[in-house]
1. Scanning for something outside any helix (DSSP H, G or I) and either small (G, A, S) or free of Cβ contacts under 8 Å to residues at least 24 places away in the same chain (or both), does segment 50-57 turn up at least one residue?
2. Would you check if A150 is without any contact (Cβ under 8 Å) to a residue 40 or more places away in the chain, over 26 Å from T326 (Cα atoms), surrounded by fewer than 19 Cβ atoms within 10 Å (Cβ to Cβ) and of a type in the set (G, A, S)?
3. Which condition number in (1) surrounded by fewer than 20 Cβ atoms within 10 Å (Cβ to Cβ); (2) free of Cβ contacts under 8 Å to residues at least 24 places away in the same chain; (3) not assigned by TED's automatic domain parsing to the domain that holds L251 is the one that R212 fails?
4. E215 is checked against (1) on the phi < 0 side of the Ramachandran plot; (2) touching a strand residue (DSSP E or B) at 6+ places or on another chain (Cβ under 8 Å) and fails just one. What number does that condition carry?
5. Name every residue in segment 260-311 that is in contact with a helix residue (DSSP H, G or I) (Cβ under 9 Å, 6 or more places away or on another chain), of a type in the set (S, T, Y) and not in a helix (DSSP H, G or I), in order of residue number.
6. Considering L302, L345, L298, L317, which residue is under 30 Å from G198 (Cβ atoms) and in contact with a strand residue (DSSP E or B) (Cβ under 7 Å, 6 or more places away or on another chain)?
7. Give all pairs with beta carbons closer than 9 Å in which a residue from segment 265-291 that is within 17 Å of I69 (Cα to Cα) meets a residue that is in a loop (DSSP other than H, G, I, E, B) and among the charged types (D, E, K, R); count only pairs at least 6 apart in sequence or on separate chains.
8. Taking segment 148-175 as the region of interest, how many residues are under 21 Å from Y337 (Cβ atoms) and under 23 Å from the mean Cα position of the chain (by Cα)?
Amino acid sequence: MKVIIVGNGGREHTLAWKILQSDSVEKVFCIPGNGGTANLPNCQNINLKMNDFDGIAQACHHHQVSLVIVGPELPLSQGIADRLKEKNIPVFGPDKKGAQIEASKSWAKQLMVEAGIPTAASAGFTDKNAAIAYLKSKSAPIVVKADGLAAGKGVIVATTIEEAIKAVENLFENNYCQLLIEEFLEGEEVSILAVTDGITIRPLIPAQDHKRIGEGDTGKNTGGMGAYAPAPIVTPELMKTIETTILQPTLDTLKKRGIDYRGILYAGLMIDKQGKAKVLEFNCRFGDPETQAVLPLLKTPLDELILACVEQRLAQLPTIKWHSQTAICVVAASGGYPDVYAKGLSITGIESAESIGVTVFHAGTDIQNNQLVTSGGRVLGVTAVGENFAKASSLVYEAIQEIKFEGIYYRQDIGHKVKNKA
């Protein structure tokens, strides 16, 4: 089987790396890919834009591709799955209607209310002055969310009403014409990525992302500075509750709306002190960097899982199997991220890091004049697998010290909530 993976980040490098471990997969093509996928055995980058749906379809026919896996949310929200299905190309990822669950927070919130999903109380606004007037009647902390896609940076947790008002003003100035204001939920965040064929839904192991740039979960939101899996806060009992009160009702409501949702349903949850879960948001794709921590622990061949979803036979697939270990991914970012940062900086030390026993997934990298260089804010994801959290953590931080590029920055406390419980 030949597979196309659409995307150019760490998530896509991980997907290519994992699916190539299957005996059934002969070759992977990444569109457009990155410096890591360019050097992956049996993997080839194709220089097409992610929104060139006709070009991607032509590449499928030219290379006799059996399956397309879509990584990022943007092409999904633009209808890549619809276009490929029109041409009878099997694709893993929801259609444009289904992708609204991430592309519009207001739409997703309405769906949650309809499905009876536990979530934060909220109000939607298209007028700046009305939003500010509403905020003045509330107390902080409070959450302001851009309605559309914002690459993981459209959520502002304001500790004062003045900060919330500034966030509203900034969002409208940056052409976000619709936003949500939500109550602040206290607790511990967790990511549940679930696979679904539109009828059956099965969760993968729980992961915990670290969205803030600074240690101790401080500073600005980012696309994610690291993750670990499995997250012990989600007990087997809690996972069953999440399945019955969140995942299945959401899928049932999508189906009721006439949406044939085949792909990843990613629930970002807040777990309170009583161990109860509420939905912060839904995403329509694999998480990044959660994927870099979850997939290394997957025993079941990834292509089997994905094809079962695409062919709507997930219920017939045996239980998903996992390695009983812990995986930690630490993101190495460019200095200045998530604001202004340099590109084109030479990267060294990856082979030395991997010789210690980690896997380095490329996110914002490119090859220029036969040299690996930085091309994004989040540059690399260094993933270690160990028999327990402490061993995986020790390994990942030993290895990441081998990697060098000017201004390299990474958090040194990924998984600190686990450590605090130890």
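1. Kept after step one, since they are outside any helix (DSSP H, G or I), are these residues of segment 50-57: 50-52.
Checking which are either small (G, A, S) or free of Cβ contacts under 8 Å to residues at least 24 places away in the same chain (or both) leaves us with 52.
Yes, the conditions are met somewhere in segment 50-57.
2. Values: without any contact (Cβ under 8 Å) to a residue 40 or more places away in the chain: yes; over 26 Å from T326 (Cα atoms): yes; surrounded by fewer than 19 Cβ atoms within 10 Å (Cβ to Cβ): yes; of a type in the set (G, A, S): yes.
So A150 passes the test.
3. Result: R212 fails condition (3) only.
4. (2)
5. Selection gives Y261, Y266.
6. Details: L302 fails: in contact with a strand residue (DSSP E or B) (Cβ under 7 Å, 6 or more places away or on another chain); L345 fails: under 30 Å from G198 (Cβ atoms); L317 fails: in contact with a strand residue (DSSP E or B) (Cβ under 7 Å, 6 or more places away or on another chain).
Just a single option satisfies the conditions, and that option is L298.
7. Every condition considered, the pairs that remain are Y266/R285.
8. 10
The values are calculated or read from the model by the stated rules, or taken from the named source; none is laboratory data. It should be emphasised that the depicted structure is a prediction, and the values quoted were computed from it without experimental measurement. Quick reminder, even Gly has a Cβ in these numbers, built from the backbone with ideal geometry, and neighbours come from all protein chains shown.
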